[in-house]
Amino acid sequence: MELELTEEQTAFVETVRKFLAAECSIPTVRNLEHEPDGFDRSVWRRSAELGWTSLLVSEADGGGSLSEHGLADLALVAEELGRCVGPGPLVPTNVVAGAVSRHGSPALKAGVLPGLLDGSTIAAWCGPAPVAATASGGGGLVLDGTCALVEAGAQADHLLVTFSLDGHLRQAVVAADAPGVTVTPLAGLDLVRRFASVSLSGVAVATDAVLGPPEEDATAAVEHQWGQAVALQSVESAGAMDHVLAMTIEYLGDRYSFGRPLSSYQALKHRVADQKMWLEASHGIAGAAVRAVAADAPNAAELASAAAWWIGPRATELVQDCIQLHGGIGVTWEHDLHLYLRRVTVNRATYGTPEVHAERIATQLLGAAL
Amino acid sequence: MSASNGAAPAESVDEFRARARAWLAEAMPPIGDGWNDRSDDRRERERDLQRRLWDGGFAGICFPAEYGGLGLPLEYQRAFTEESSGYDMPFSLNVPTLGILAATLVDFGTHEQKARHLPAILRGEELWVQFLSEPSGGSDLAGCLTRADRDGDVFVLNGSKIWSSGAAGADYAMCLARTNWDVPKHRGLTMFILKIHQPGVVVEQIRQVDGSLEFCQEFFDDVAVPVADVVGAVDDGWTVATRLLTHERMAVGGGSPYTSGRSIGHDAGGVDTTVIDLAREAGTTDDTHVRQLVAEAHIRQLVAGQLVRRVTQGMRTGAMPPPAGSLMKLFGATNVMRRMEIGLEVAGSGVAAWPADATTAAGDHGVHSLWRQGVSLGGGSNEIQRNIISERLLGMPREHAADRELPYREVRRSGGPR
């Protein structure tokens with residue numbers, strides 16, 4: 001978490017914590033494992049009432065943020081969600097709501113935003129890779145292609161799809177129940193975070209469902225959304241790491257062997273020291289990514305990729321090593337550690353693997369590979 | 001450890017930045033080859049560069065105005081450092097003179113000590129070093145054996161210090177010595193200001209693995225140190241030393257308000273391009289694996305910068321205690337280890353041998369890599385930093401120490417009876 005918050009942000013964090021403690025305790029999360037949605041829609045609606053889906057939407061469109069940058073406020077929610085491995089389509093719904101508010105036509109905003117803002121509908125972001133598009137009669141388009149890994153795809157009412165038309169990237173919002181849309185739920189690692197593949201076959205898109213003016217390339221908008229998703233996910237993983245490390249330090253103090261607390265062994269202390277260093281570096285780079293993406297800074301994509309590269313493997317390593325420090329109980333279903341391991345492993349693998357993000361940085365430094 | 005004296009600056013950061021930019025273009029030379037030499041010529045050039053900063057009114061931006069500084073907040077120093085990228089600067093004065101020893105003097109010096117030394121430091125007239133480690137051991141700093149015995153208005157110093165970087169070319173040192181042998185080790189130490197080049201002090205240079213002569217060992221034989229040169233209180237030198245070490249971690253980690261300009265090999269964007277240069281020289285910039293390594297080296301620098309930002313912010317606001325500085329030191333050192341390894345991997349066979357009449361990035365990196373562990377040893381080893389983080393930041397139990405409560409004369413020492 002950022003070390004300096006505004007008064008409004010501090011109060012907001014308190015509200016978020018209270019809400020999550022009441023509604024998203026670990027037993028609740030475990031109970032959601034076998035629910036197809038992975039989250040409780042009535043709880044989601046109440047979190048929306050607290051503003052969790054409003055922060056990237058402009059005030060004119062019915063949203064609003066606490067501070068100058070809604071993404072920084074939303075990051076506070078993401079971090080708390082990480083601490084309790086909470087459920088809910090926070091990243092996709094917000095990224096789509098923000099994109100529609102920023103680039104959508106009045107008709108699209110009227111059709112999509114009220115439901116997302118009050119929590120009665122869900123949106124999924126189908127990623128930066130484009131599907132194919134062809135022009136149809138009357139200015140409309142037809143989309144064909146597959147988006148392989150879409151968070152909350154099977155829970156969503158609206159899909160934000162990136163497509164390629166005449167060599168330019170564009171985006172459109174497609175109704176999940178539109179003819180030609182097939183959403184296939186996937187099995188996955190996280191107990192409550194759901195993914196689906198989305199395939200589009202001859203899906204008709206009306207002109208007013210396309211984001212931005214007709215002549216505008218959406219590359220920058222897509223980059224911005226990707227940056228938002230990566231930044232939020234990075235903050236969430238940092239929150240998970242923070243909780244797991246605190247839990248582990250407490251355990252090491254309580255647990256005795258050879259007549260001494262485990263926390264008195266230098267070999268273990270030194271590992272914990274390294275974990276603390278990784279954690280603070282993770283908070284640092286995640287915060288930098290949030291600030292840069294929120295401000296549309298020139299280095300936003302660079303810092304988002306740096307955060308993904310750094311936090312992904314550090315988070316899985318930290319949680320795995322904390323499992324080691326817990327001993328055998330750490331690899332049981334009963335202990336909560338695996339919920340955190342599932343979450344950070346999923347986060348490492350979604351919205352770009354560390355290798356994908358490293359190649360983005362390499363392209364910036366060296367140019368594209370031949 | 002507030003770096004500013006509180007008064008609202010008359011000039012905004014942006015105005016200050018604009019004035020600095022114009023002045024730098026006028027007054028400071030562009031950075032050229034040899035900026036990181038450790039030669040006598042380079043040292044004298046840096047004194048001159050510091051004097052230019054002083055004459056231009058840009059020396060000691062965060063130092064108290066009363067003692068020759070500008071008394072401005074950290075944002076002003078950051079702005080100046082950003083603007084100074086690409087210019088030759090007195091880089092080596094940052095550590096240890098400005099960032100560590102002058103910083104400690106700001107915190108603990110008497111008015112007379114500060115008035116005498118701080119303006120002289122900011123004019124480039126005094127280079128300072130630290131005399132802390134001893135041949136008997138570096139990590140157990142409070143176990144020092146160099147003694148200072150009171151004799152009227154002076155203390156008489158005897159013993160030896162080691163690993164003091166740059167002492168041969170420096171003017172003053174802060175020297176930790178034992179003044180009381182009848183109390184436990186932390187309570188019988190005193191910090192002194194010591195003029196290096198004077199009768200009774202012998203400085204010998206130590207050749208390092210890369211051939212350079214930065215390290216020194218000093219021998220003291222009945223050196224008279226005026227009582228007025230005690231820093232802090234007699235027998236309370238550990239308090240001073242602890243603060244000095246905090247400043248060291250901040251300065252080495254890159255989070256000190258007292259350093260000016262970047263002191264490691266960066267391009268205009270503040271990025272170390274060593275690994276990119278190695279890949280280009282090896283002709284492997286299209287290799288998938290090499291590209292991952294180039295990216296990793298770059299990302300690690302970005303992350304290091306953000307860790308420094310976070311920890312300095314935490315220490316400034318009180319969200320983190322001073323020992324958090326160890327996070328920066330440990331991260332910096334382990335980052336160097338990894339970056340050196342990446343360099344070896346990217347450089348390939350070029351580190352083993354190179355054309356006798358040429359300088360190659362790979363050859364330079366090979367030599368540089370010999371020094372890899374230096375960063376993990378100097379300023380408190382990685383192991384000591386991990387102790388500090390786990391014990392003083394995370395509250396885990398302290399390591400057992402056999403000497404903590406014993407009068408120091410009764411403590412067992414290396415080479416002594418068992």
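Okay, here's what the table says:
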item: Dipole magnitude of the protein assembly as shown about its Cα centre (Cβ charges: Lys, Arg +1; Asp, Glu -1), debye to nearest 20; result: 1720 debye
item: Candidates B:Val303, B:Val156, B:Val230, ranked by Gaussian network fluctuation over chain B, Cα under 10 Å, top entry; result: B:Val303
item: Label point 7 Å beyond Cα of B:Asp33 along Cβ direction - residues of the stretch B:44-71 with amide nitrogen under 20 Å; result: B:44-46
item: Distance (nanometres) between label positions extended 7 Å along Cα→Cβ at B:Asp182 and A:Thr10; result: 5.1 nm
item: Aspartates and glutamates with Cα under 15 Å of A:Lys109, excluding same-chain neighbours fewer than 8 positions away; result: A:Glu59, A:Asp61, A:Asp118, A:Asp157, A:Asp208
item: FRET efficiency estimate (nearest 0.05) - Cβ-Cβ, A:Ala204 to A:Arg46, R0 45 angstrom; result: 0.80
item: Computed E for B:Ala233/B:Ala115 - FRET, C-beta separation, R0 22 angstrom, nearest 0.05; result: 0.65
item: Simple label model, 7 Å out from Cα along Cβ direction - A:Arg102 to A:His168, nm; result: 1.8 nm
item: Peptides ranked, highest mean first, by Cβ atoms within 10 Å: ranges B:218-226, A:154-162, B:164-172; result: A:154-162, B:164-172, B:218-226
item: Fully extended contour minus Cα-Cα distance, from A:Trp333 to A:Phe258, at 0.36 nm per residue; result: 24.3 nm
item: Per-residue HN-Hα couplings for the stretch B:220-231 [Karplus 6.51, -1.76, 1.60; θ = phi - 60°; Hz; x = Gly/Pro]; result: 10, 10, 6, 7, 8, 10, x, 4, 5, 9, 6, 9
item: Whether chain A is rounded, prolate or oblate, judged on the alpha carbon gyration tensor where a/c under 1.5 counts as rounded; result: prolate
item: Alpha carbon convex hull of the stretch A:123-209, volume per residue in cubic angstrom; result: 78 Å³
item: Exceeding the 31 Å Cα-Cα cut-off - candidates A:Lys18/B:Lys329; B:Lys114/B:Lys161; B:Lys161/B:Lys329; result: A:Lys18/B:Lys329
item: Among B:349-358, B:204-213, the order from most to least packed when residues are scored by Cβ within 10 Å on average; result: B:204-213, B:349-358
item: J(HN,Hα) series, the stretch A:321-336, from Karplus relation 6.51 cos²θ - 1.76 cosθ + 1.60, nearest Hz, glycine and proline x; result: 5, 5, 4, 4, 5, 7, x, x, 4, x, 9, 9, 5, 4, 6, 6
item: ³J(HN,Hα) computed for each position of the stretch B:21-32 - Karplus, 6.51 cos²θ - 1.76 cosθ + 1.60, integer Hz, glycine/proline x; result: 4, 5, 5, 4, 4, 7, 10, 10, x, x, 5, x
item: Label point at B:Phe219 placed 7 Å out along Cα→Cβ; residues across the stretch B:148-188 whose backbone nitrogen lies under 11 Å; result: B:159-160
item: Estimated FRET transfer efficiency when R0 is 41 angstrom, pair A:Leu186-B:Met337 (beta carbons, to 0.05); result: 0.55
item: Cα-based Rg of the protein assembly as shown normalised by 2.2 N^0.38 Å, two decimals; result: 1.06
item: The stretch A:1-101 shape via C-alpha gyration tensor axes, a/c threshold 1.5; result: oblate
item: Linear extension gain, B:Asp287 paired with B:Ala8, 0.36 nm per residue minus alpha-carbon span; result: 95.1 nm
item: All-pairs alpha carbon distance profile, the stretch B:90-175, 5 Å steps from 0, percent; result: 3, 13, 21, 21, 21, 15, 5, 1, 0
item: Cβ-isolated cysteines (cut-off 4.7 Å), the protein assembly as shown; result: A:Cys24, A:Cys84, A:Cys322, B:Cys62, B:Cys144, B:Cys175, B:Cys216
item: Contour excess over end-to-end distance, with Cα ends at B:Asn158 and B:Asp357 and 0.36 nm allotted per residue; result: 66.8 nm
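Values quoted throughout were computed directly from the atomic coordinates according to the rules given, and no laboratory measurement underlies them. As the structure is a prediction and not an experimental result, all values here were calculated from the model. All Cβ positions, even for glycine, are placed from backbone atoms using ideal geometry, and neighbour counts span all protein chains on display.
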